[in-house]
1. Test of understanding: among B:I84, B:I109, B:I49, which residue is of a type in the set (V, I, T) and farther than 15 Å from B:A128 by Cβ?
2. If we keep just the residues of region B:34-85 that are among the aromatic types (F, W, Y) and within 30 Å of A:V104 (Cα to Cα), which is farthest from the other protein chains (Cβ to nearest Cβ)?
3. Within region B:23-51, restricting attention to residues that are surrounded by fewer than 16 Cβ atoms within 10 Å (Cβ to Cβ) and at pLDDT 90 or above, which residue is nearest to B:C99 (Cα to Cα)?
4. Could you check A:S91 against (1) touching a Phe, Trp or Tyr at 6+ places or on another chain (Cβ under 6 Å); (2) at pLDDT below 90 and say which number it fails?
5. If you go through region A:23-38, how many residues are assigned to a helix (DSSP H, G or I) and closer than 15 Å to A:A129 by Cβ?
6. Just wondering, is there one or more residues in region A:9-32 that are over 16 Å from A:L90 (Cα atoms) and among the charged types (D, E, K, R)?
7. With within 19 Å of the chain's Cα centre (by Cα) and closer than 27 Å to A:F146 by Cβ as the only criterion, which of B:T59, B:T101, B:T48, B:T74 stands out?
8. Scan region A:141-152 for residues that are under 15 Å from the mean Cα position of the chain (by Cα) and within 12 Å of another protein chain (Cβ to nearest Cβ) and report the count.
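The values are calculated or read from the model by the stated rules, or taken from the named source; none is laboratory data. This one's a predicted model, so the numbers in the text were calculated from it and none came from an experiment. Backbone-built Cβ (ideal geometry, glycine too); neighbour counts: all protein chains shown.
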Number of protein chains: 2
Amino acid sequence: MDEVPGSLGTSASLALRLGQTIFSCASLFFMCLDVNFYGYTAFCFLVTIMGLMIPWSVTMGLVDAYSVFVKFPTRQPGVMIIIIVGDWVLSFLTLGAACSTASVAQLLIEARSPLCPGKICSRYSASAAMAFLSWFLSFASSLFNFWILPKL
Amino acid sequence: MDEVPGSLGTSASLALRLGQTIFSCASLFFMCLDVNFYGYTAFCFLVTIMGLMIPWSVTMGLVDAYSVFVKFPTRQPGVMIIIIVGDWVLSFLTLGAACSTASVAQLLIEARSPLCPGKICSRYSASAAMAFLSWFLSFASSLFNFWILPKL
């Protein structure tokens with residue numbers, strides 16, 4: 001079987017998973033730096049999704065690290081489908097959360113809301129930007145895995 | 001070549017494209033029913049994306065109708081890649097616009113904004129729902145086309 005860089009078990013995939021973990025943690029960090037995010041549905045959604053994204057990325061990163069450094073895995077179609085579907089669902093949820101957060105933060109900044117003093121709304125925007133980057137990497141992962149699926 | 005239902009040139013694909021066109025038009029209709037949408041970035045974004053989505057869906061629907069009723073097309077990998085990439089980009093933009101619109105409409109309803117009298121905000125929510133449906137169909141189209149790509 002030819003190796004597609006970025007598919008499960010390669011070092012490119014490990015790099016993608018590391019990036020996802022880092023950007024998801026950064027997004028969660030910017031959002032939770034002050035604890036008044038729970039007033040907005042969109043921000044709560046982002047926190048929930050990042051709370052799902054981080055363990056998923058860490059788990060997949062561990063699988064990749066194992067197969068890079070110890071033993072290359074046998075790719076079973078059933079397992080690959082679960083991984084691809086998980087990646088896709090999380091990637092779409094992340095994109096949705098990032099867009100929601102970005103638009104709400106934008107609305108709050110434009111409205112000069114009293115709920116948005118100082119640089120808090122910039123932090124929300126930064127959180128949305130990190131979520132976008134996390135989405136992009138997650139999407140790339142799912143794409144590479146989906147590409148090898150018909151050949152299995 | 002085996003026929004994947006939903007890929008370019010099949011009747012299932014024609015049905016998907018028809019659905020995309022209908023839902024995109026409905027979304028645009030609900031959003032533009034009153035013309036104060038341009039006060040919000042998220043709503044302008046939705047209108048822009050729907051303005052791209054409708055001609056794309058109509059064009060693809062015409063191609064499908066031609067190949068269903070007249071002559072099955074020769075699928076060239078280059079053309080398929082353009083169609084898949086176009087579908088994906090539009091599908092992601094649609095999802096982003098739908099999420100943004102939904103979260104901003106939600107925020108306006110919760111804040112009991114004076115800019116949101118009567119049932120206008122429910123219309124914005126309906127517009128977001130239609131955009132979600134349009135995204136779902138567009139995503140299905142791109143998935144079916146992507147599935148046959150490695151076999152070409």
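1. Only one candidate passes the filter, namely B:I84.
2. Residue satisfying both the conditions and the ranking: B:W56.
3. Within region B:23-51, the match that is nearest to B:C99 (Cα to Cα) is B:T48.
4. (2)
5. Adding up the residues that qualify gives 9.
6. no
7. The unique qualifying residue is B:T59.
8. The qualifying residues number 2.
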